[in-house]
Each structure stands twice: as structure tokens, then as C-alpha cells.
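The structure appears right after this line, and notes come after that.
The values are calculated or read from the model by the stated rules, or taken from the named source; none is laboratory data. This one's a predicted model, so the numbers in the text were calculated from it and none came from an experiment. Every residue, glycine among them, receives a Cβ derived from its backbone with ideal geometry; neighbour counts consider all protein chains shown. Just the protein is used for accessible areas: all its heavy atoms, side chains included, with ligands, DNA and RNA removed. Shrake-Rupley method; radii C 1.70, N 1.55, O 1.52, S 1.80 Å.
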Amino acid sequence: MIQHTVATPYMVGEVHFYSVELDSGLALFDTGPPTPEAQACLADLVDLKRLKHLFITHCHVDHYGLANFVLENSAADVYLARKDAIKFKRHTERMEAIAALLNAAGFSEEFVRQLRESFQRNKVFPTNPERYRIVEDSEELAGLGVSWLSCPGHSQSDLIYLVDDCAVTGDVLLRNIFQAPLLDIDLETFDGRFRNYDAYCESLLKLAQLRGMRILPGHREYVEGVDAAILSYVTTLLERAVHLLPLRGLPLEEMIGRLFQGRLTDPFFVYLKISEIVFMLDLIENPTRLRASLEQIGLFGKLSGLYAAVAQ
Ligand SMILES: [Zn+2]
């Protein structure tokens with residue numbers, strides 16, 4: 001499995017995509033962002049004429065932004081998660097539902113309008129892939145030597161692909177990045193928000209299965225191991241949750257005002273922070289869920305002190 005690296009115009013910095021020769025032909029995992037530089041880089045590094053399969057870890061712009069370029073320049077099949085397909089099909093409805101969630105959390109119409117503008121300005125939604133297959137429905141994957149784990153939390157659709165001893169993990173396991181679990185409508189029901197916190201606690205159990213494998217993350221070259229990546233993420237989560245404890249009960253907008261003292265103005269960053277705070281408030285409300293998952297994978301001991309500060 002070869003790691004490729006390309007710059008992105010986003011705060012996260014460089015992104016990785018991966019290629020590997022399967023018995024059935026050349027396969028690519030993620031594409032990089034839809035920039036001319038990334039496109040040239042992809043065309044240079046990957047023999048698109050020979051490409052047979054493209055697997056997408058999750059449809060965030062830095063990971064799938066060149067899917068259509070790949071489709072136009074190869075005969076590859078594109079695979080993505082069922083929930084990402086729902087996002088494409090019901091995009092307008094989803095945007096309205098997210099707006100309603102933000103309104104319900106006390107944010108004004110004006111804020112929502114600015115957020116949509118920011119999505120557009122930052123080209124957060126590239127054109128949808130023209131054709132694709134749904135990973136969860138694709139029984140042929142086993143024959144290709146590719147299996148997968150669904151590990152939602154960061155998004156609803158995060159997939160990890162497993163090939164031999166390699167795990168292509170997208171944004172699920174990262175080194176020193178606290179990837180915000182994004183506030184979104186529940187794509188299964190379109191009724192109420194997706195419970196990222198509950199999903200994350202469940203995904204932790206699956207992540208433990210990756211111990212001993214070669215982890216290939218979407219950013220920052222490598223992780224020091226599955227346990228190290230989980231411990232660092234949950235440590236940040238608990239530390240930030242401690243800071244929220246005295247602000248519980250305040251409207252979200254006021255919490256952000258107090259935490260950032262007016263320094264946070266870009267609506268997209270405000271949205272990321274809202275997402276993070278909602279996630280942490282769910283944790284504060286029901287910390288035993290996290291505890292149970294951490295205990296089950298043998299990592300609670302290292303976090304018990306911080307945990308006690310949150311679950312007071
Ligand atoms: Zn990413």
C-alpha cells in the first residue's frame with residue numbers, strides 16, 4: 001500500500017490517499033481535494049488508465065473531491081458508504097434540516113445564511129460522483145480482498161478499508177488532530193440530529209479490532225498505534241468537556257462567546273465548534289456510555305482521572 005500526499009486549501013493541511021495492486025488490478029483509496037494541483041498530482045502518481053477500483057473513506061471534500069476526475073479518466077468503479085449516497089440524493093433537504101437544527105439551537109437565520117455562503121465560498125460540496133456503488137451492498141468486495149468496518153463518529157459515514165494487514169482509516173484515527181464530530185441531521189430518519197457521541201462510543205469497540213494492523217490515516221502521515229490515537233482523542237475530548245461543565249445550561253451561542261471571547265467569527269468555524277460542543281454535552285449527560293466502551297477495550301484505566309473530572 002503506497003501513501004500519497006497532497007496539499008489542501010483547508011485548515012487540516014495535507015491529505016493522504018493510497019494505492020495498492022490487488023489481484024484484480026490497481027485500487028485507489030480516496031482522491032485528495034478538487035484543486036488543480038491535487039488533480040495534477042493524482043494523474044502523475046496513479047496510472048489512471050489501469051485503475052480498477054476507487055474506495056472512498058468518507059465524502060468530505062479533501063477525501064473524495066476528485067472522484068469525478070477519476071471517473072472521467074479511468075474505467076474504475078467508485079465505492080462509497082450508503083449514507084454518503086443519501087447525502088448526495090437528499091442534499092437540499094439535508095441542508096434545510098441542518099439549518100433547522102441550528103435555528104433550534106438558538107442560531108439566527110442570518111447565521112445560517114452566512115454558513116451556507118461559507119460552504120459555497122469554501123467549495124465544501126464538490127460535484128457528486130456521476131456513478132458509484134454502495135460499499136454495504138457490494139458483495140464482490142470480499143472477492144477483491146477488501147473488507148471494511150463502519151466507524152461513524154466524525155461523520156455518519158466513515159468507513160475503514162482493510163486489505164491484508166493494512167487499514168485505511170480516513171479521519172477516524174489521526175495524530176494530534178481533534179477531528180470535530182459534525183452536527184448533522186440523522187440520515188437514516190431525517191428526524192432529529194445524528195448522535196455522534198453514541199456512534200463514537202460504538203465505533204471504539206470496532207477500532208480495537210485494528211490493533212496490530214498497519215494504520216494508514218487520512219492526514220499526518222502515521223499514528224503511533226490504535227491505542228495511542230484513541231487515548232489522545234479521548235484525552236482532548238475529556239479536557240475540553242471539563243471546560244464546558246461550568247457553562248452547562250447556557251445557550252450554545254453564549255457558550256461559544258464565553259469560550260472564545262469573540263475571536264471566533266467565521267461561520268464555518270463556529271459550526272465546527274457548535275458540533276464539538278453538542279458532542280461534548282452528550283458526553284457530559286451520559287458519560288457512562290464512554291466509560292463502558294473504554295473499559296471494554298481496556299483503555300479506561302489510563303483515563304480514569306480525567307473521566308472523574310467530567311462525570312462528577
Ligand atoms: Zn479529512
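For the reader, a short list of remarks on this structure follows.
- Residues of segment 221-247 that are of a type outside the set (Val, Ile, Thr), surrounded by fewer than 18 Cβ atoms within 10 Å (Cβ to Cβ) and part of a helix (DSSP H, G or I): ASP227, ALA228, LEU231, GLU239, ARG240, HIS243, LEU245, PRO246, LEU247.
- Contact annotation: residue pairs with Cβ atoms under 8 Å, 6 or more positions apart or on different chains, pairing a residue in segment 218-245 that is over 15 Å from GLY170 (Cα atoms) and basic (Lys, Arg) with a partner that is in a helix (DSSP H, G or I) and within 16 Å of the ligand (Cβ to nearest atom), are ARG240/GLU276.
- Check on ARG121, open to solvent by 20 Å² or more (accessible area, probe 1.4 Å) and either of a type in the set (Phe, Trp, Tyr) or modelled with pLDDT of 95 or more (or both): no
- Cβ separations smaller than 8 Å between residues 6+ apart or across chains give the following pairs from segment 248-266 residues that are touching a residue at least 24 places away in the same chain (Cβ under 8 Å) to residues that are among the aromatic types (Phe, Trp, Tyr): LEU252/PHE107; GLU253/PHE107.
- The criterion of at least 3 residues that are more than 16 Å from the ligand (Cβ to nearest atom) and open to solvent by 20 Å² or more (accessible area, probe 1.4 Å) is met, among helices (runs of 4 or more DSSP H) falling completely within segment 1-112, by 36-45, 67-73, 82-89, 91-104.
- Scanning segment 167-179 for residues that are open to solvent by 10 Å² or more (accessible area, probe 1.4 Å) and away from the ligand (no atom under 11 Å from the Cβ), we see that the one that is farthest from ILE2 (Cα to Cα) is PHE178.
- Residue satisfying condition, being within 16 Å of the ligand (Cβ to nearest atom) and in contact (Cβ under 8 Å) with a residue 24 or more places away in the chain, within set VAL124, VAL135, VAL146: VAL124
- Residues that are within 20 Å of VAL146 (Cα to Cα) and β-branched (Val, Ile, Thr) were ranked within segment 37-63; the one that is nearest to the chain's Cα centre (by Cα) is THR57.
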